[in-house]
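The values are calculated or read from the model by the stated rules, or taken from the named source; none is laboratory data. Every value quoted in this text rests on a predicted model; they were computed, and no experiment measured them. Here Cβ is always computed from backbone atoms with ideal geometry, including for glycine, and neighbour counts include all displayed protein chains.
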């Protein structure tokens with residue numbers, strides 16, 4: 001008798017249905033409006049908070065799942081509804097991942113609940129790594145954190161860009177360089193609490209897709225935070241940098257620790273978009289008649305849909321494997337986290353393009369959702385590591401060679 005099973009357990013099935021129902025009844029009907037408005041959908045976030053979907057308790061329960069699948073399931077279902085609104089609801093989770101990956105248990109207990117607030121007082125959180133001159137190359141961050149021993153404070157200066165919830169978040173988690181000579185090993189993560197002077201929103205970006213999700217610059221100008229806001233603590237940071245100066249290996253890098261934990265979840269979002277486009281175009285192909293029969297009766301259409309379904313299922317399996325490995329602390333020996341995000345992201349772009357092709361002119365106009373699905377999908381080959389960076393990570397992992 002084997003213990004191996006690919007069936008979701010009862011809790012996972014219930015959460016999948018719960019999130020799907022919210023995505024179907026609340027998110028989808030509002031998706032077009034908020035995409036056009038290009039604004040944070042506060043009423044939708046409020047509804048999610050009212051039912052406990054946008055909350056610390058929900059996220060904690062997801063991350064407590066020993067299989068690692070629950071958060072991936074929730075991300076897929078919400079993105080099936082709309083990716084932009086999904087990012088507005090789950091965008092705070094990236095900051096949570098940063099605190100969870102780098103913070104002490106005490107810091108996790110203090111800061112993570114503050115990323116969500118309460119249904120009556122909703123809070124948002126943001127995670128800031130990318131900079132105008134440092135996107136894929138996180139080792140060259142220019143944002144500096146300097147320790148002021150006299151006051152036990154860290155002083156941060158720099159500009160972050162492409163930040164989800166940037167500037168409008170109540171809590172920001174910022175990755176900054178403490179010792180630039182050490183590259184990524186000289187970096188640390190800092191919590192910037194609500195109301196801290198010296199942090200502000202810069203440019204808000206108008207985007208091709210995920211337009212219901214707020215993306216902006218975050219400007220830090222002599223931004224002072226107490227010493228306790230350094231995630232992991234100063235003693236641990238000093239020890240890590242001392243090992244780096246001696247040329248010893250370190251398993252912890254502030255930005256990478258967060259991205260490794262979040263990549264399968266980003267992949268799950270991409271799977272949700274692809275599934276939405278596939279299902280919509282499948283229904284269309286069954287109903288649309290040309291030359292006296294439904295277009296799905298033509299092999300050119302039917303085979304395209306078969307390939308779409310196959311790619312989506314393959315992407316989901318890669319996501320589930322990576323999520324399970326992350327939860328069970330198994331090493332990504334071959335870049336499995338990157339594989340999941342890379343394949344799912346490229347699958348979403350390809351599937352949504354095929355959906356437009358199946359629908360013809362109807363797929364290209366904004367009256368129908370597949371053109372939005374396609375616009376939303378493209379970011380999944382760019383943010384949290386471009387497809388090229390994911391391939392680099394995988395290639396290095398499988399070869400043991402530092403490929404550049």
Quiz item: Can you name the condition, by its number, that residue 132 falls short on among (1) in contact with a strand residue (DSSP E or B) (Cβ under 6 Å, 6 or more places away or on another chain); (2) closer than 25 Å to residue 203 by Cα; (3) buried (at least 18 other Cβ atoms within 10 Å of the Cβ)?
Solution: (3)
Quiz item: Within the set of pairs 6+ apart or on separate chains, which have a first residue in the range 197-224 that is assigned by TED's automatic domain parsing to the domain that holds residue 84, a second that is buried (at least 22 other Cβ atoms within 10 Å of the Cβ) and assigned to a strand (DSSP E or B), and C-beta atoms under 9 Å apart?
Solution: none
Quiz prompt | Whichever residue in the range 1-17 is in contact (Cβ under 8 Å) with a residue 24 or more places away in the chain and not in a loop (DSSP other than H, G, I, E, B) and, among such residues, is nearest to residue 115 (Cα to Cα) | solution = 15
Quiz item: Among the numbered criteria (1) surrounded by 22 or more Cβ atoms within 10 Å (Cβ to Cβ); (2) more than 20 Å from residue 88 (Cβ to Cβ), which single criterion is violated by residue 159?
Solution: (1)
Quiz item: Taking only pairs six or more apart or across chains, which ones have beta-carbon atoms under 6 Å, a first residue in the range 29-42 that is in the same structural domain as residue 365 (by TED's automatic domain parsing), and a second residue that is part of a helix (DSSP H, G or I)?
Solution: none
Quiz item: Do any helices (runs of 4 or more DSSP H) lying entirely in the range 321-404 carry at least 2 residues that are crowded, with 16+ Cβ neighbours inside 10 Å and free of Cβ contacts under 8 Å to residues at least 40 places away in the same chain, and which ones are they?
Solution: 336-359
Quiz prompt | Checking residue 98 against (1) without any contact (Cβ under 8 Å) to a residue 40 or more places away in the chain; (2) in contact with a strand residue (DSSP E or B) (Cβ under 6 Å, 6 or more places away or on another chain); (3) within 22 Å of residue 244 (Cβ to Cβ), the condition it does not meet | solution = (1)
